[in-house]
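Read through the structure below, which is laid out as structure tokens, and then see the notes.
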Amino acid sequence: MSRSPFRRVRLSLREAVLTATSYFVCAAIALQLTRFDGGIAIVWLAGPVLFARLSTTPRWRWGAIILACIPTGLCASVLFGFHGLVAIPLPLLCIAEAWLAAWLIRRLYPRFGRFQSLPEVGSFLLVAGVIVPALTAFGGALCAHIARDLPFWPAWRDWYAGHALGLVTFAPPLLLTLRGGARQWIASDKSRMGEAALLLGLVALASLATFGQDRIPLVILPFIPTIAATLRLGRFGAVSAVVVLVTIGLSFSLAGHGPTTLLRLPMGQKLQVLQIYFATIVLTVLPLAAELRSRRRLVDRLHAAEALHRLVLDRMSDIVVRVNAEGVVRYASPSATRVSGYDPGELLGQSMFSLILPEDHAALLEARQKALSHPEAPAIVEYRVRRKDGIVVWVESHMRGIIDEQGRTNGTVSIIREITQRRQLVEDLTAQAMTDHLTGACNRRAFDEALLALLAEQPSPSANAAEAGCLAVFDLDHFKHINDRYGHAAGDEVLVRFVSILRGAVRDGDVVARLGGEEFAVLLKGLTIDQAHLVCERIRTRFEEADIQDSLGNSVQATVSIGIGPLLTGGESRKILSRADDALYRAKRDGRNRTSLPFPDTSTEKRSA
């Protein structure tokens, strides 16, 4: 732990020394080989070296690197550049240029240095190729004008061209090298080394064919293998191809060969044309490599997302189904087998309605139309599905519309869950809420709903247009006396036995209800008064003759009074109940254990034996 700070300082010093040495060598080469007629260097190589080092180094280490480059820059300027007082500000201006470019690019794009996206490449070209060289060119042109009486604007042009093109051309390969991009690519993609060697070899051959002769201007020839290397190898291929091309092209051009010899221009302007050529290639392949990298990362994310989604779909119990606009199944998740009994492959190409009960088609069509019309909102629907083994199950579907690239809905995607047990539970709870817990008959709430529904029905053509049937109300005679004498257990047994007699005497579709206490009612749908009277008399007689005993074996005698009223279609339930109750009260008043019809003159009375 104690050696860690010392180690960091030593590494920082070594980094600063290596950068300063490289800066001196590149500055000396540029001043010696590309400075003509005592003017400004046409190709500036030192700036990209310092810019690349600063761009790949934490800011707290910039000070040591810049301080190390100042004396080496001054030495190169004094030995090979301008002499006199301007030998001091010019190298400082060059160092400030590299620092400003690195600082600005970090501000615009904090993670700069990998050329992985178009915004990153665009930020680099804007800062290193336009803003910073244009600003420092004013100071460089002023120094050149003072030292050698050079025209200001031509000097400004030479500085800007040399420094901008130098940064744009040479900084990317240096950045890739310093960040270890080439080493990482080689280590991660060793299987493609043969392809990389072949493509870069083609770039070298095209560069030799272009710059190794000065008769035919084959400047377009290196573009072809360079683009191929970029497309196949990505960022590594683009930068490597540029390095090969620049190395060969610059070497032969400085030796007096290549297409620039065909230009009738001074050597300095020929090198500027060459730099423009190199920069054009860089401006072509770097954005292309960045876009390819961005798309490759997008494809990788899509593949990862697809793998994750498939893993989730394979493990989830709910079914995911995608259906096109025509209602044909295009995808079904593996869980479809558990719910429907069909393999997903068997469902593909089938209509989504093929497994759904016809009675539920209308509800599903309505939900699907809602999902297609409003894809931003889910449509929820419950329906029944017939499994492969013939069993019918309930499912709940959450459906959304799928929007294509034109913004139109071209189908739906649904998450489907089996809810058979839930539906059964709801039905059981509903039945409990509608059932008298002692007798098993319908309770008052269920009776009221059934009565309203029956009154709202349209009568059949063969039936009386006004009458929908009859309502019979029952009240057990002297029930309080039974409870007091035999106990409540015996009273409960009397109630249960009476309901059993009721159900045995009426049809399955007739509603048998306990209205409260010892009062009951039956909805006799479609029966006339006379038919209802016969049914009620049968019930009264059976109940009177029933053998009911208490817990001690004592016989419990019980009778019932009955009132009948007609069910009039469109009538009010309150009035219908009131009319039947009036008949019941007459039966009670006239001695109990009898059936009373709604009209006094047609009532039938029968006393207990």
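Within segment 244-264, the residues that satisfy the criterion of being open to solvent by 60 Å² or more (accessible area, probe 1.4 Å), touching a residue at least 40 places away in the same chain (Cβ under 8 Å) and among the aliphatic types (A, V, I, L, M) are LEU254, LEU262. Would you be able to say whether some residue in segment 92-101 is charged (D, E, K, R) and either assigned to a loop (DSSP other than H, G, I, E, B) or under 30 Å from ALA255 (Cα atoms) (or both)? Yes, the conditions are met somewhere in segment 92-101. Checked against (1) more than 27 Å from LEU125 (Cα to Cα); (2) touching a helix residue (DSSP H, G or I) at 6+ places or on another chain (Cβ under 7 Å), LEU45 passes all but condition (1).
The number of residues in segment 512-558 being of a type in the set (Asp, Glu) and assigned to a helix (DSSP H, G or I) comes to 4. Among residues of segment 357-369 that are under 15 Å from VAL413 (Cα atoms), those with a beta-carbon under 6 Å from a residue that is outside any helix (DSSP H, G or I) and of a type in the set (Phe, Trp, Tyr) at least six positions away or on a different chain give the pairs LEU364/TYR383.
Take LEU452 and decide whether it is loosely packed, with under 15 Cβ neighbours inside 10 Å, in a helix (DSSP H, G or I) and touching a helix residue (DSSP H, G or I) at 6+ places or on another chain (Cβ under 7 Å). Here the answer is yes, as LEU452 does meet what is asked. So which residues in segment 23-38 are surrounded by fewer than 17 Cβ atoms within 10 Å (Cβ to Cβ) and part of a loop (DSSP other than H, G, I, E, B)? Passing the criteria: PHE36, ASP37, GLY38. Just name the residue that is farthest from ASP343 (Cα to Cα) out of those in segment 393-410 that are open to solvent by less than 40 Å² (accessible area, probe 1.4 Å) and in contact with a helix residue (DSSP H, G or I) (Cβ under 6 Å, 6 or more places away or on another chain). The qualifying residue farthest from ASP343 (Cα to Cα) is GLY401. Taken as a whole, the structure leaves SER561 outside the set of residues that are in a helix (DSSP H, G or I), open to solvent by less than 70 Å² (accessible area, probe 1.4 Å) and among the hydroxyl-bearing types (Ser, Thr, Tyr).
Residue by residue, here is whether (1) of a type outside the set (D, E, K, R); (2) out of contact with any helix residue (DSSP H, G or I) (no Cβ under 6 Å at 6 or more places or on another chain) holds:
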| site | (1), (2) |
| --- | --- |
| ASP510 | no, yes |
| GLY526 | yes, yes |
| GLU544 | no, yes |
| ASP547 | no, yes |
| LEU552 | yes, yes |
| VAL556 | yes, no |
| LEU584 | yes, yes |
| SER596 | yes, no |
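Counting only residues that are modelled with pLDDT of 90 or more and either closer than 20 Å to VAL43 by Cβ or open to solvent by less than 30 Å² (accessible area, probe 1.4 Å) (or both), segment 81-99 holds 8 of them. Counting only residues that are at pLDDT 85 or above and in a loop (DSSP other than H, G, I, E, B), segment 397-445 holds 8 of them.
For first residues located in segment 571-583 and open to solvent by less than 20 Å² (accessible area, probe 1.4 Å), partners that are among the hydroxyl-bearing types (Ser, Thr, Tyr) and lie 6+ apart or on another chain with Cβ distances below 8 Å form the pairs ALA583/SER596; ALA583/SER603.
Consider segment 63-74 and keep the residues that are surrounded by fewer than 17 Cβ atoms within 10 Å (Cβ to Cβ) and touching a residue at least 40 places away in the same chain (Cβ under 8 Å). The one that is nearest to the chain's Cα centre (by Cα) is LEU67. Report whether or not VAL78 is among the β-branched types (Val, Ile, Thr) and surrounded by fewer than 20 Cβ atoms within 10 Å (Cβ to Cβ). The answer is yes for VAL78. Is one or more of the residues making up segment 145-152 under 23 Å from ALA96 (Cβ atoms) and at pLDDT 90 or above? Checking segment 145-152: at least one residue is under 23 Å from ALA96 (Cβ atoms) and at pLDDT 90 or above.
Among the conditions (1) touching a helix residue (DSSP H, G or I) at 6+ places or on another chain (Cβ under 7 Å); (2) at pLDDT below 90, ASP475 misses just one, which is (2). ARG445 fulfils the conditions (1) closer than 24 Å to ALA521 by Cβ; (2) without any contact (Cβ under 8 Å) to a residue 12 or more places away in the chain; (3) open to solvent by 60 Å² or more (accessible area, probe 1.4 Å) except for a single criterion, (2). Scanning segment 102-124 for residues that are in contact with a Pro (Cβ under 9 Å, 6 or more places away or on another chain) and open to solvent by less than 40 Å² (accessible area, probe 1.4 Å) yields PHE115, VAL121, GLY122, PHE124. Among the criteria (1) closer than 22 Å to LEU454 by Cβ; (2) open to solvent by 40 Å² or more (accessible area, probe 1.4 Å); (3) at pLDDT below 90; (4) not small (Gly, Ala, Ser), the one ASN554 does not fulfil is (1). Annotation: of all residues in segment 411-426 being more than 17 Å from the chain's Cα centre (by Cα) and crowded, with 19+ Cβ neighbours inside 10 Å, the one that is farthest from ARG368 (Cα to Cα) is GLU418. Of the residues screened, HIS163 is one that is touching a Ser or Thr at 6+ places or on another chain (Cβ under 8 Å) and either at pLDDT 85 or above or charged (D, E, K, R) (or both).
The values are calculated or read from the model by the stated rules, or taken from the named source; none is laboratory data. These numbers were taken from a predicted model, which means no experiment stands behind them. No Cβ is skipped: glycine too gets one built from the backbone with ideal geometry, and neighbour counts run over all protein chains shown. Areas reflect the complete protein model, heavy atoms only, side chains present, ligands, DNA and RNA absent. Shrake-Rupley method; radii C 1.70, N 1.55, O 1.52, S 1.80 Å.
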